[in-house]
Amino acid sequence: MKKILFLLLCAAVILAACSCGSDKGAGTQAPAASPKVPADMDAVLTSFGLEETMLVLTREEILFIYGFEDADLKQASAAIHESGIQCDEFVLVEAVSEQAADRVEELLGLRLKQKANEMRDYLPEQYDIITKCSVYRDGFYTALIVSPQAESFTKLFKEAIG
Amino acid sequence: MKKIFFCVLCAVLICASCSCGSDTKTVPSVTEAPIVTEEPAQAPTEVPEPEGDPQETEVPSQAENTGLAESGASADASAYKVLVDKLTTDIPLGLQESERVDFSYFNDSLFVGDSVSGKLATYVMKQRRTDPGFMGTAQFFVADSFSCRNALKQVTDTSKHPTYKGKKMTIEDAVAASGSKKVFIMLGMNDAAFGIDKAVDNMVTVIERIRDKNPETTIFIQSATPRIRGSQPTTKELFKYDLLLYETVKDMDHVYFVDVAHAMRDEDGNLREMLCSDLTTMTLHLNDKGCQVWVEWLVRHALTEDRG
């Protein structure tokens, strides 16, 4: 368990160090040393210089935007791009049961379709990114990862939840 | 332990947004985004504005007059001049400057729009981190590339309707579902390129559908904001759209025009560069400063009496 944690932290540092910033000013260079990972998502974003491009959602906003039932979620974390036209979005959910996870998965699937609908014939580059992404489900865990690096992070998510 | 896991995962995932790699391998998917071929929409483009005006539309003659008949509402514009060279009017259309209202004015309100309003939505969410009462309890029903044209279509798996609490629906249904007493609509950027007359007709239909389902709701039509350059639509087309839109809705019951665009134009009628977030691409989306100007306009051009 500790080994996996350590590896993930290293991955986070490495990824931050080789990131070269988006045209939306996604961030400055990540700190060279491994950052302390606090429980506060805002602090995490700040430590990677992403506080100006990705907006971390509150639980209330998560429930409103995705249509989840509060009782279905054991824990949830999400962030969207502030611009309104960049498709980057991360939603990580641990549901309370298999049935709840089914509902979460369905809603995230709808969310992904909606994003594709919006960008189709509008912003082809964003549409292209979205169509290469998917909703990942493993037991009670579900993730929607929309990003040019979706594959890498879905893999990490899969490894983390075993 | 699980909490730490989650936080670490969040850290890993969030830092992806600062990477710009071009690795686009296909992910083995469980639920993939659909690739649908449908009628192409006319997205606002980066193409330089063509010479001539392919969408010449006659602006109602009243718009060129220096005087209009009194509408009976002290809050509304009774006369304005079209400043043709500046692509603006001497005074804002619709609601004139009022006393500054409290953010509670926006309680039980719904903002409807496209990607321009999408930015406003995230701006408001951000402001509420430090000011929970920012814009009252206003909610947002927005989608990129949304338009009146799309709004009037049936809701389907591939339609461009926004979602309300995760569920895709029509504007009138979203108003009902949210229980909103006020609706602020800004649509047109993705309509005007198809013809200004038709765009305004569609807006009227949208209003009528909202009214049919929500007879007590007050509707605020916001002028479509300008852009710095580009076509489909051009700034000139957007201005013509705004003029025709105002003239068409100004006498509709419980419908008010809020000329947000008036605050955003530079001396040539284009979007002020300091308010724009995509200066090198579409040149029409707003940054935080643009949203600040927008909100400030709304609180200073409020409905202070109902003209019924």
Per-residue Cβ contact counts at 10 Å, fewest first, order A:MET54, B:MET169 as B:MET169, A:MET54
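For segment A:101-140, rounded, prolate or oblate, judged on the Cα gyration tensor with a ≥ b ≥ c (square roots of eigenvalues), a/c < 1.5 rounded, else prolate if a/b > b/c?
Oblate is the answer for segment A:101-140, as a/c is 1.5 or above yet b/c matches or exceeds a/b.
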Counting only DSSP beta bridges fully inside segment B:153-307, the antiparallel percentage to nearest 5 is 35 percent
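For B:SER109, what is the net charge nearby, where nearby means another residue's Cβ is under 11 Å from its Cβ and Lys, Arg count +1, Asp, Glu -1? Each step should come with its number before you reach the end.
Working: positive: B:LYS181, B:LYS182; negative: B:ASP108.
Taking every Cβ under 11 Å from that of B:SER109, the sum is +1.
For B:GLU208, A:GLU118, what ranking results if the residue with the fewest other Cβ atoms within 10 Å of its Cβ goes first?
On the way: B:GLU208 12, A:GLU118 26.
So the residues, fewest neighbours to most, are B:GLU208, A:GLU118.
Where does the charge balance sit around B:VAL204 when Lys and Arg score +1, Asp and Glu -1, over other residues with C-beta under 14 Å from its C-beta? It would help to have the intermediate numbers written out before the result.
Numbers: positive: B:ARG149, B:LYS198, B:ARG209, B:ARG211, B:LYS250; negative: B:GLU172, B:ASP191, B:ASP197, B:ASP201, B:GLU208, B:ASP212, B:GLU247, B:ASP251, B:ASP253.
Spelling it out: positives minus negatives among the neighbours equals -4.
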Over 32 Å (Cα to Cα) among A:LYS74/B:LYS182; A:LYS115/B:LYS289; A:LYS115/B:LYS181; B:LYS119/B:LYS198; A:LYS113/B:LYS126 -> A:LYS74/B:LYS182
Taking B:CYS148, A:CYS133 and counting other beta carbon atoms within 10 angstrom, the fewest-first order is B:CYS148, A:CYS133
Taking alpha-carbon centroids only, segment B:91-128 lies from segment A:111-162 a number of Å equal to 31 Å
Averaged over residues of A:121-127, the number of beta carbons from other chains lying within 10 Å of each residue's Cβ is 5
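Where a number appears in this text, it was derived from the coordinates with a stated rule and is not lab data. All values derive from a computational prediction rather than experimental measurement. We place every Cβ from the backbone using ideal geometry, glycine too, and count neighbours over all the protein chains shown.
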